[in-house]
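J.: So that we are looking at the same thing, I have put the structure below in structure tokens.
The values are calculated or read from the model by the stated rules, or taken from the named source; none is laboratory data. This is a predicted model, so every value here is computed, not measured. So basically every Cβ, Gly included, is an ideal-geometry build from the backbone, and we count neighbours across all protein chains shown. When the accessible area is computed, the model is the full protein with side chains, heavy atoms only, and any ligands, DNA or RNA have been set aside. Shrake-Rupley method; radii C 1.70, N 1.55, O 1.52, S 1.80 Å.
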Amino acid sequence: MRIGICCYPSHGGSGVVATELGKHLADRGHEVAFISYAAPLRLTELPPRVSFHEVEIEQYPLLKHFPYTLALASKLVEVVEMKDLDLLHAHYAIPFGAAALLAKQITANRDLKVVLTLHGTDITLVGSNASFRPVTKMTIEDADAVTVVSQFLKEETIRQFDVQRELAVIYNFIDPERHELEPSPCIPQCTDSSQKTIMHISNFRPVKRIRDVIEIFARISEAVDSRLILVGDGPDSPVAREMGQELGVLDRMKFVGIVDRVASLLARADLFLLPSSTESFGLVALEAMASGVPVIASDVGGIPEVIEHGRTGYLAPVGDVDAMSTYAIDLLQNEARHRQFGTEAQEQARQRFDYRLIVPQYEQLYENTLQN
Ligand code: GMT
């Protein structure tokens, strides 16, 4: 098949899933064209059968806000025709799903199919915003096939948009071999092996509840000699610093910034924190599990479909930093249980979310869609 993929190129989960999916599809013999305003973070090289097409953004004095969706749709048309694409797979409803449908209309002489994957905030936050709602709903209804990354997101999409159509649940995935790496040498503080390493990876948006991450860490560090490694960057990065200063733990916090390959960092972690206010799946939690790291997370959204409470990590209500820190300390102080959780987490990640199980589900969906 010849497949066009459009996604956010930044370090968000939707871009990671889209990029890894495209690379695996190319490995399996398909032609894959990525279309975005920058090369996706995890597309560090162009493997065979993979191409990248940049949407150029030019500023005109007349246009206060550059109409990116239209520029993207035009680029999609160009790539569809140049590469003779069979389908476009849009990751995130806004603006990719809408732009892909526009490209389909423009190339009506072809039988181009549009597959849309909803990742979470495109439904729970952005898509349900009144300024996008009708477009999001139309995008979900008019795509040739729609996938969602969890059962939770399926129910939430039906609830919020009252859509009648089929939504296929296809989970996020990992490549187990990637998680057998040597620990990264890029965290010098981690060489002190007596200290426990707590890790958080995100885009530091309010939905990640960075304050809770620091609060939980402050409580852990009162009971256990530990450090907090923060990976990623975003609007709430300064909040993390302020809170660390306020709670007197800033000297035990290390900001690593944006990293394209997180597996070698996770290999250094003893515990992963994900206290988000909503999370449709929680790809980073799955990546932590694949590295054998137990996760303490909010009992919200699709997270319980990934983390098994009391076996691969612990879940607590959103904002319950008391419970989350008690669970964290309990695990860190009980070596046998910690080891057992880590082993179970790694096994479950491999048994349920290996890319070899998940990528064929997308392939099958593409084939069914093209046949219809
Ligand atoms: O988590 C983020 O803030 C990034 C966001 C995105 O769209 O890039 O991630 C969403 O998609 C991921 C991949 O499907 C999911 O694993 C994340 O749970 C989801 N984030 C939220 O729902 C907050």
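J.: Answer with yes or no whether THR69 is open to solvent by 20 Å² or more (accessible area, probe 1.4 Å), among the β-branched types (Val, Ile, Thr), away from the ligand (no atom under 14 Å from the Cβ) and not in a helix (DSSP H, G or I).
T.: So THR69 does not fit the description; no.
J.: Report, ordered by the first and then the second residue, all pairs with beta carbons closer than 8 Å, sequence separation of six or more or different chains, a first member in the range 93-116 that is within 13 Å of GLU81 (Cβ to Cβ), and a second member that is of a type in the set (Lys, Arg) and surrounded by fewer than 24 Cβ atoms within 10 Å (Cβ to Cβ).
T.: Listed by first residue and then by second, the contacts come to LYS104/LYS113; LEU112/LYS104.
J.: Can you name the residue in the range 39-53 that is touching a strand residue (DSSP E or B) at 6+ places or on another chain (Cβ under 7 Å) and of a type outside the set (Val, Ile, Thr) and is also surrounded by the most Cβ atoms within 10 Å (Cβ to Cβ) among such residues?
T.: Residue satisfying both the conditions and the ranking: PRO40.
J.: Out of all the residues in the range 89-102, is one or more in contact with a Lys or Arg (Cβ under 9 Å, 6 or more places away or on another chain), among the small types (Gly, Ala, Ser) and open to solvent by 10 Å² or more (accessible area, probe 1.4 Å)?
T.: no
J.: Identify all residues within the range 32-71 that are in contact (Cβ under 8 Å) with a residue 60 or more places away in the chain and out of contact with any His (no Cβ under 6 Å at 6 or more places or on another chain); write none if there are none.
T.: ARG42, THR44
J.: Which of the residues belonging to the range 93-117 are polar (S, T, N, Q) and within 15 Å of the ligand (Cβ to nearest atom)?
T.: Result: THR117, single match.
J.: Quick one: which residue in GLU287, GLU246 is open to solvent by 30 Å² or more (accessible area, probe 1.4 Å) and modelled with pLDDT of 95 or more?
T.: GLU246
J.: Same structure again: Checking GLY120 against (1) within 16 Å of the ligand (Cβ to nearest atom); (2) on the phi < 0 side of the Ramachandran plot; (3) buried (at least 17 other Cβ atoms within 10 Å of the Cβ): exactly one of these is not met. Which one?
T.: Going through the list (1) within 16 Å of the ligand (Cβ to nearest atom); (2) on the phi < 0 side of the Ramachandran plot; (3) buried (at least 17 other Cβ atoms within 10 Å of the Cβ), GLY120 breaks only (2).
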